[in-house]
Amino acid sequence: MSKSDTRPLTLRDVSEASGVSEMTVSRVLRNRGDVSATTREKVLKAAKELGYVPNKIAGALASQRVNLVAVIIPSLSNMVFPEVMTGISQVLEDTELQPVVGVTDYQPEKEERVLFEMLSWRPSGVIIAGLEHSDASRAMLKASGIPVVEIMDVDGTPIDTSVGISHRRAGREMAHAILKGRYENIGFMGTKMPLDHRARKRFEGFTEVLGKAGIEIAEREFYSGGSALAKGREMTAAMLERNPKLDFLYYSNDMISAGGLLYLLEKGYDIPGQIGLAGFNGVELLQGLPRQLATMDACRLEIGRKAAEIISERVENPDADLEKRVELSPKISFGDTLKRR
């Protein structure tokens, strides 16, 4: 896809949109000079709606770009993202580009602030997690005039390019595997859905397939914050106390799934005969557990590498006609906790 028909916004664009002179717009955006509250509000409103971000390096570099790639992710503590970063770094180390990381904590308002600051330094590209952003963030990304790659998810319409897996498809495939194992009383445990869009989509795909088979989720529980291992243990214990007839537990990530596995082994459950369980992500931690957990690889390293390759190619050749949507295919690992038939 060509980006040659786009350009970064300028002070003149904000001036025309607000009906205020460029000099006044500049004073407002630099928070300098004596400008009335009404005029200031008019300028800031126009700038936000356009997605305009002040250029902190204007005049300092002839290219008006720095060899930085803004990488915006929701968490550094989540074990998923270090592997994505590794993939990005592996590709960019052979170029002049350097990744710079911003963390949003899954908060749209914080994503806006991080994006605003990073774009103000005029990076050569942006790699950002997810397809769901606030209107202000979308406006800034669209107006940036640089390659934007949204990663981890392809269930939606990207601003520029998306690289990831279909989380709805991942949920559907796990549901099919569970049904083939002849499990019927299923509990689901995961993070609070409003903030974790990808987990929500997996849940939607999962329940869609179960519903078609005439099965409803028997129990569900959601958490936020705290140690995922401990939460996995706590939620598993609480769920089985409420409903001892459950024969399968599906967790939205591997960390809470690992906590659930340790609890079940401690209590002497027959796994996967009496009860099966599965997580999601395929994190390396699973290799050290007493049993191999069923999970699904989220293609994290590949996602990071492909995103960085797209940015690198587009910086080298702005007119490169590249795929708008790059979908990778995760595979189920049955491990020792999901019956395979």
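The values are calculated or read from the model by the stated rules, or taken from the named source; none is laboratory data. The model shown is predicted, which means the values in this text are computed figures rather than measured ones. Cβ atoms come from the backbone with ideal geometry, glycine included; neighbour counts cover every protein chain shown. Quick note on the areas: whole protein, heavy atoms, side chains included, nothing else; ligands and nucleic acids left out. Shrake-Rupley method; radii C 1.70, N 1.55, O 1.52, S 1.80 Å.
Here the translational diffusion coefficient of the chain follows from Stokes-Einstein with Rh set to the Kirkwood radius across Cα pairs; for 10 °C and 1.306 mPa s it amounts to 73 µm²/s. Annotation: per residue accessible area for segment 236-341 equals 45 Å², rounded to a whole number [probe 1.4 Å, protein chains only].
Placing R0 at 35 angstrom, the Cβ-Cβ distance between ILE217 and LEU301 gives a FRET efficiency of 0.65 after rounding to 0.05.
Given ALA213, MET193, MET235, which one lies farthest toward the positive end of the charge dipole of segment 188-265, if we put +1 on the Cβ of every Lys and Arg and -1 on the Cβ of every Asp and Glu? Value: MET193. Here the spin labels are modelled as points 7 Å beyond Cα on the Cα-Cβ line, and at ARG341 and LEU195 they lie 3.9 nm apart.
Measuring between their Cα centroids, segment 82-120 and segment 315-341 lie 20 Å from each other. Share of carbon and sulfur in the accessible area of the chain stands at 49%, probe radius 1.4 Å.
Across segment 146-151, rounded Karplus estimates of 3J(HN,Hα) from the backbone phi angles (6.51 cos²θ - 1.76 cosθ + 1.60, θ = phi - 60°) give 10, x, 10, 10, 8, 10 Hz, Gly and Pro being marked x. A simple spin-label model places pseudo-atoms 7 Å from Cα toward Cβ; at GLU132 and SER224 they are separated by 1.2 nm. In this view, the solvent-accessible surface of THR86, computed with a 1.4 Å probe and all protein chains in place, comes to about 60 Å². Strictly over 21 Å apart at the Cα level, which of LYS192/LYS339; LYS231/LYS331; LYS245/LYS339; LYS48/LYS110; LYS245/LYS267; LYS48/LYS192 would you flag in this model? Correct reply: LYS192/LYS339; LYS231/LYS331; LYS48/LYS192. Per residue, the solvent-accessible area of segment 77-141 (1.4 Å probe, heavy atoms of protein chains only, all protein chains present) comes to 44 Å².
Take the Cα of HIS176, step 7 Å toward its Cβ, do the same at GLU208, and the gap between the two points is 1.3 nm. Loop-resident trypsin sites (Lys or Arg not before Pro) (DSSP state other than H, G, I, E or B) in segment 294-324 with no more than 15 further Cβ atoms inside 10 Å of their Cβ: LYS324. Qualifying GluC sites (Glu not before Pro) in segment 67-145, where qualification requires a DSSP coil assignment and no more than 12 other C-beta atoms within 10 Å, comprise GLU93, GLU96.
Could you work out how far the C-alpha centroid of segment 213-280 sits from that of segment 160-186, in angstrom? With segment 213-280 and segment 160-186 each reduced to a Cα centre, they are spaced 17 Å. When +1 charges are put on Lys and Arg Cβ atoms and -1 charges on Asp and Glu Cβ atoms, the dipole computed for segment 280-333 relative to its Cα centre reaches about 380 debye. Helix 197-212 axis versus longest C-alpha principal axis of the chain: approximately 40°, rounded to the nearest ten.
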